[in-house]
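Read through the structure below, which is laid out as structure tokens, and then see the notes.
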Amino acid sequence: MIDKEDFGPITRSRRRATITSAKSETVKLRNGAIAAASDLKSGPKARGSVTKNVQLNEDSKQKCDRYDKMSCHKLQESMLSSASSFKNYRGILNWCVVMLVLSNARLFLENLLRNGILVDPIQVVSLFLKDPYSWPAAYMFYVCIFVHDGSISEKVGLLIYIFNLTIILCFPMVVVLKLLSITPVGGAFALGVYTILFLKLYSYKDVNWWCRERTQAKARSLSRSLSCPSSPSASSAMQSHVSYPGNLSLRDIYYFVFAPTLCYELNFPRSESIRMGFLLRRLFEMTYFISNVLSIVFQWMVPIIRSSMKPLQEMDYSRMTERLLRLAVPNHLIWLIFFYWFFHSSMNFVAELLRFGDREFYRDWWNSETITYFWQNWNIPVHKWCLRHFYKPLLRRGAGKLLSQSAVFFASAFFHEVRCLPLAWFVARFLRGNYGNAAVWLSLIIGQPITVLMYVHDYYVTHCQDDPTIAEAL
């Protein structure tokens with residue numbers, strides 16, 4: 001029912017009550033409170049006044065919105081400025097990829113028009129063999145695998161073991177340098193295999209030496225505390241994993257020789273099963289990428305190297321620089337493809353075949369801001385070996401941290417190239433961030449072609465300078 005008093009004249013008391021209730025309603029609405037109970041007490045006119053206030057607020061908001069629509073400026077940094085928070089450069093990256101593909105496609109087409117198709121299966125075989133009836137690199141590999149089986153007993157002295165490791169490291173170098181029938185590629189392959197075997201057997205010796213010392217220390221402590229100590233075989237039989245000296249077997253050493261690691265352990269992490277799909281994908285990648293490497297070598301690099309011999313002999317620096325820049329692109333492509341082929345495809349293939357569980361063969365070396373970080377992360381098996389068998393033993397013998405780091409770095413430079421030492425010092429001292437990363441990439445793109453030209457020139461001067469057929473071809 002409608003109260004008749006609502007239509008009567010407005011008295012002073014009714015006007016005061018209406019204004020008071022309207023103010024209370026407005027305050028409650030601003031604080032976010034629920035105004036249902038107060039609306040019931042205030043009456044229709046109070047609710048009407050509140051509605052007018054809300055409508056006024058909405059009108060003011062609409063006016064502000066119209067003002068905001070009219071305003072088109074605000075305080076902000078330029079998008080490409082370093083102070084900007086913009087991070088999405090995916091379109092620029094795609095543009096760089098497209099430009100890279102187009103520029104290399106032009107170079108590839110120019111190479112085909114100038115030289116024709118130079119890839120020849122017979123030349124691929126000639127990389128490894130000069131004489132089809134003489135295989136010196138294969139013979140060296142055979143001796144490496146089947147003679148040095150690593151089955152060395154505890155009675156064999158440390159001096160004999162050192163002599164064995166010395167022969168493994170020095171014998172292939174003498175053969176490669178003195179045997180003229182071996183090819184450079186075959187010799188490099190044999191030297192790489194012998195170097196890997198040397199590092200593996202050194203780690204095998206160290207780990208078993210540590211285990212023997214630990215076993216002897218435990219035996220001495222048990223003999224002091226117990227009158228009848230338990231035999232090592234009985235204690236090891238209670239364990240599910242292999243323990244020393246149960247690991248000293250041909251099966252164990254051969255598994256370690258073929259495993260994709262340089263650091264020996266008594267019990268390697270193992271995967272549950274062999275994934276055939278993963279194995280076949282890695283095998284396809286190995287076949288595809290090695291064919292790409294050989295094609296780039298014969299089609300792109302060999303003509304550039306041949307045309308670089310005369311400028312090197314005449315010391316024509318301008319033409320030498322031009323040949324160097326021409327060689328940088330195919331050489332860097334080969335290095336990137338070979339890295340993926342070896343450290344990802346090949347090592348994962350072997351690891352999957354042997355059910356080897358530790359698959360950390362590389363880290364994010366492409367983000368390196370220093371040369372040192374690059375050498376520590378592009379080849380994790382070598383880095384772990386240096387850390388475990390070189391750096392930490394030096395620290396345990398009392399050497400300082402700086403001296404140990406320098407010794408490891410010089411040892412790594414012995415197997416790589418000494419040219420990285422001054423550059424590593426310069427980048428670490430003066431360049432940081434993106435500038436350091438650019439310097440690392442520049443050293444990879446330019447530094448390696450310099451080494452390739454130096455090696456090829458020395459090989460040509462030593463072996464091919466007096467050959468008239470090769471001189472005419474160059």
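Quick notes
- Area of Trp441 that stays accessible when all protein chains are in place (1.4 Å probe, Å², to 10): 70
- For the cross-link pairs Lys178/Lys392; Lys205/Lys401; Lys87/Lys401; Lys200/Lys392; Lys178/Lys384, the ones whose C-alpha atoms lie over 29 Å apart are Lys178/Lys392; Lys87/Lys401; Lys178/Lys384.
- Applying both filters, DSSP loop and at most 12 other Cβ atoms within 10 Å, to the GluC sites (Glu not before Pro) of segment 242-339 gives Glu272.
The values are calculated or read from the model by the stated rules, or taken from the named source; none is laboratory data. None of these values were measured; they are calculated from a predicted model. Using ideal geometry, Cβ is built from the backbone for each residue, glycine included, and neighbour counts are taken over all protein chains shown. Accessible surface is based on the protein model in full, side chains and every heavy atom, while ligands, DNA and RNA are left aside. Shrake-Rupley method; radii C 1.70, N 1.55, O 1.52, S 1.80 Å.
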